[in-house]
Every structure is written in C-alpha cells, then in structure tokens.
Amino acid sequence: MFSPTYGEVTYEKMIEIIKNFIGKSPHSTYNISVGTDSQNFDYTKTVMVVAVHRVGSGGIFFYDIKKVKKITNISQKLFFETSSSLDIATKLSETLQREEIDFGISIHVDAGKNGQTSKLIPEIIGWIKACGFDCETKPNSYAASSIADKYSK
C-alpha cells in the first residue's frame with residue numbers, strides 16, 4: 001500500500017496508522033471506505049483505495065496499484081473492481097474488529113445512474129450488501145470515483 005502522507009507501507013503498518021489516526025480523536029465520527037477504479041492501457045491498471053474520513057476534520061487514505069491482463073468488457077471490469085474492493089474490505093473488516101475498531105466499512109463503486117454500467121447497479125449493490133457492507137455509487141463514491149480514479153490514470 002502507499003500513502004501520500006506516509007509513503008509506502010505494509011498492510012500491518014496501514015492498520016497501525018489507522019488505529020493512531022482514530023485514537024487521536026476517538027469520539028469523532030468516521031467513515032471508512034474501500035473503492036477500486038481501473039483504466040485500460042496495454043493492460044488494465046487497477047487502483048484499490050482504503051480511505052478513513054474523520055467527519056468534519058479531514059482524513060487519510062492508502063492505495064495499491066495492480067496491473068492485470070486487459071479487461072475490455074465494461075461489465076466484467078466493474079465486477080472485477082467490485083470483487084477487488086470486497087476482498088480488501090473483508091480483510092480490513094476482520095482486522096479492525098480484532099483491534100476493536102468498529103465503524104463499519106462502505107464499498108464505493110465507480111458507477112452511476114447515467115453511465116454504461118447503470119443497469120448493473122442493483123446487482124452490484126445487492127452483492128455488496130449480501131457480503132455485509134454498505135455501498136455508495138456516484139456521486140457519493142469518492143474512494144472509487146475520485147481518489148482511485150486519480151491514481152488509475
């Protein structure tokens with residue numbers, strides 16, 4: 001994982017940073033979100049983001065970049081992005097529960113009512129909710145449609 005603030009960090013170090021960030025203001029409200037976006041080149045560049053927002057007082061985020069075989073089908077790409085987000089969210093949720101940090105995790109999906117993937121949104125939301133996570137789509141899916149999008153270009 002990489003952080004603009006902390007540089008390259010291991011998964012364990014990311015958890016430690018998140019704990020310290022929350023510990024500095026334990027009575028604040030936090031939104032923890034995971035989102036993925038990807039762009040096609042000769043390959044598909046996939047960016048997964050973990051964002052921790054202290055409501056009214058900023059936040060921190062981490063991202064990881066992976067290159068995979070080019071995914072040309074837009075529906076397959078959205079399902080791959082969602083699967084990647086669910087994988088990291090599941091691992092993160094289990095780790096944070098062990099650390100007694102329970103703010104819930106929201107999966108941010110880079111799809112909205114007006115795009116090519118709009119017809120897939122009900123299925124994607126159902127999948128994410130069935131896995132026990134909240135879901136945000138555009139325009140509220142900042143972890144995917146803003147942060148991950150920026151680093152996927």
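Within segment 51-70, the set of residues being among the β-branched types (Val, Ile, Thr) and farther than 18 Å from Lys153 by Cα comprises Val52, Val55, Ile60.
In this structure, Thr5 does not satisfy being in contact with a strand residue (DSSP E or B) (Cβ under 7 Å, 6 or more places away or on another chain), open to solvent by less than 10 Å² (accessible area, probe 1.4 Å), touching a residue at least 40 places away in the same chain (Cβ under 8 Å) and not acidic (Asp, Glu). Apart from one condition, Met14 fits all of (1) in contact with a strand residue (DSSP E or B) (Cβ under 6 Å, 6 or more places away or on another chain); (2) within 24 Å of Arg98 (Cβ to Cβ); (3) not in a helix (DSSP H, G or I); the exception is (3).
Give the number of residues within segment 89-128 that are under 14 Å from Val52 (Cα atoms) and surrounded by 18 or more Cβ atoms within 10 Å (Cβ to Cβ). Looking only at that region, the number is 9. Taking residues in segment 101-118 that are farther than 15 Å from Phe133 by Cα, and partners anywhere that are aliphatic (A, V, I, L, M) and in a loop (DSSP other than H, G, I, E, B), the pairs with Cβ atoms closer than 6 Å and at least 6 places apart or on different chains are Thr117/Ala111.
Restricting attention to segment 71-80, does a residue exist that is in a helix (DSSP H, G or I), in contact with a Leu (Cβ under 9 Å, 6 or more places away or on another chain), closer than 26 Å to Lys153 by Cα and aromatic (Phe, Trp, Tyr)? Yes, some residue in segment 71-80 is in a helix (DSSP H, G or I), in contact with a Leu (Cβ under 9 Å, 6 or more places away or on another chain), closer than 26 Å to Lys153 by Cα and aromatic (Phe, Trp, Tyr). Candidates are the residues of segment 104-118 that are part of a loop (DSSP other than H, G, I, E, B) and over 15 Å from the mean Cα position of the chain (by Cα); the one that is nearest to Asn20 (Cα to Cα) is Gly112.
The values are calculated or read from the model by the stated rules, or taken from the named source; none is laboratory data. Everything numeric here is computed off the predicted structure, so don't read it as measured data. In this analysis, Cβ positions are derived from the backbone assuming ideal geometry, glycine residues included, and neighbour counts consider all displayed protein chains. Side chains included, ligands, DNA and RNA excluded: accessible areas come from the protein's heavy atoms. Shrake-Rupley method; radii C 1.70, N 1.55, O 1.52, S 1.80 Å.
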